[in-house]
Amino acid sequence: MRQKLAAGNWKMNGTSAALAELEALAKAHPNPTSEILICPPATLISRAVDTLAHSPIQIGGQDCHAAQSGAFTGDTSAEMLRDAGANHVILGHSERREAHGERNEDVRDKARTAMATDLVTIICVGESLAQREAANTLDIIAGQLAGSVPDLATGENLVIAYEPIWAIGTGLTPDVAQVGEVHDFIRSLLERRFGAGVGRSVRLLYGGSVKPANAQEIFSVTNVDGALVGGASLAAKDFSPIIDALDAA
């Protein structure tokens, strides 16, 4: 059985005042059925871990460098994330691919390092609106998976998040048939590459304008094992109903 995962990506949001939201979330979910993960900005990771010391809620990073150290001003290594108390990392988010020019091979190199550092690695894939309208979605997803996921991936160290770029922060979401088609396709590719055992054990998240109003419908889709949530994860009052919907799915 794959444990469900509700992951929150705070992106470049949050200062020390936001730690109160973690306290509220921990109070609302002292014994969750699903795994809960928050990925705050790097400046808050250590304090977030301390805030949640007596909670099952986990903390992750939003990116890491492929190298563990060196002359890379402004970057954060996987080892640094672990040292700060994180046990997950998001890699290959569309905002990193677009704004920072990250290629599939860059994501793969980072993922190798993250996995070797015992960070559960959430690799993001997703198509643009133009690619969706051109009926290229599955080809894009296949290419991103083949190029971004390293061979040492297992069900313990890999999570895949499908985030259609055109749905991130727009309020738009694919219908359940579209979500199901992509998630089923990802599952089949993972099974083909890694075998049924590993392929069936990797958790698949949906991301892109997930909110309390649509969470239940999204979580009813086969092969959706949870969500990678952006804006709605910033406030406990918005993220809690999504977690409740996942627990009930």
key: Meets criteria (more than 15 Å from R203 (Cα to Cα), assigned to a helix (DSSP H, G or I) and in contact (Cβ under 8 Å) with a residue 40 or more places away in the chain) for L189   = no
key: Yes/no for V198 being more than 22 Å from S128 (Cα to Cα) and either in a helix (DSSP H, G or I) or charged (D, E, K, R) (or both)   = yes
ask   = What strands (runs of 3 or more DSSP E) completely inside segment 30-130 contain at least 1 residues that are over 30 Å from A142 (Cβ atoms) and modelled with pLDDT of 95 or more?
value = 35-39, 58-61
From the options T137, T173, T154, T113, residue that is closer than 29 Å to A86 by Cα, surrounded by 13 or more Cβ atoms within 10 Å (Cβ to Cβ) and in contact with a helix residue (DSSP H, G or I) (Cβ under 7 Å, 6 or more places away or on another chain) = T113
message = Looking at D106 and the list (1) in contact (Cβ under 8 Å) with a residue 60 or more places away in the chain; (2) surrounded by 18 or more Cβ atoms within 10 Å (Cβ to Cβ), which single condition is not satisfied?
response = (1)
inquiry  = Tell me yes or no: at least one residue of segment 105-114 is within 16 Å of the chain's Cα centre (by Cα) and either more than 17 Å from V202 (Cα to Cα) or aromatic (F, W, Y) (or both).
reply    = yes
task = Taking the residues in segment 237-249 that are surrounded by fewer than 19 Cβ atoms within 10 Å (Cβ to Cβ) and of a type in the set (A, V, I, L, M) as candidates, determine which candidate is nearest to Y206 (Cα to Cα).
result = A249
message = So if I check each of I165, I141, which one is over 29 Å from R47 (Cβ atoms), within 16 Å of the chain's Cα centre (by Cα) and modelled with pLDDT under 95?
response = I165
query = Is at least one residue of segment 208-222 at pLDDT below 95, in contact with a strand residue (DSSP E or B) (Cβ under 6 Å, 6 or more places away or on another chain) and not acidic (D, E)?
reply = yes
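Quick check: is even one residue across segment 148-155 in a helix (DSSP H, G or I) and at pLDDT 95 or above?
yes
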key: Condition check for D75: closer than 27 Å to R2 by Cβ and surrounded by fewer than 18 Cβ atoms within 10 Å (Cβ to Cβ)   = no
ask   = Of all residues in segment 185-216, which are touching a helix residue (DSSP H, G or I) at 6+ places or on another chain (Cβ under 8 Å), among the charged types (D, E, K, R) and either closer than 21 Å to N9 by Cα or loosely packed, with under 15 Cβ neighbours inside 10 Å (or both)?
value = R192, R193, R200, K211
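The values are calculated or read from the model by the stated rules, or taken from the named source; none is laboratory data. Everything quoted here is computed from the prediction, not taken from an experiment. Note: ideal-geometry Cβ built from the backbone for every residue, glycine included; neighbour counts use all protein chains shown.
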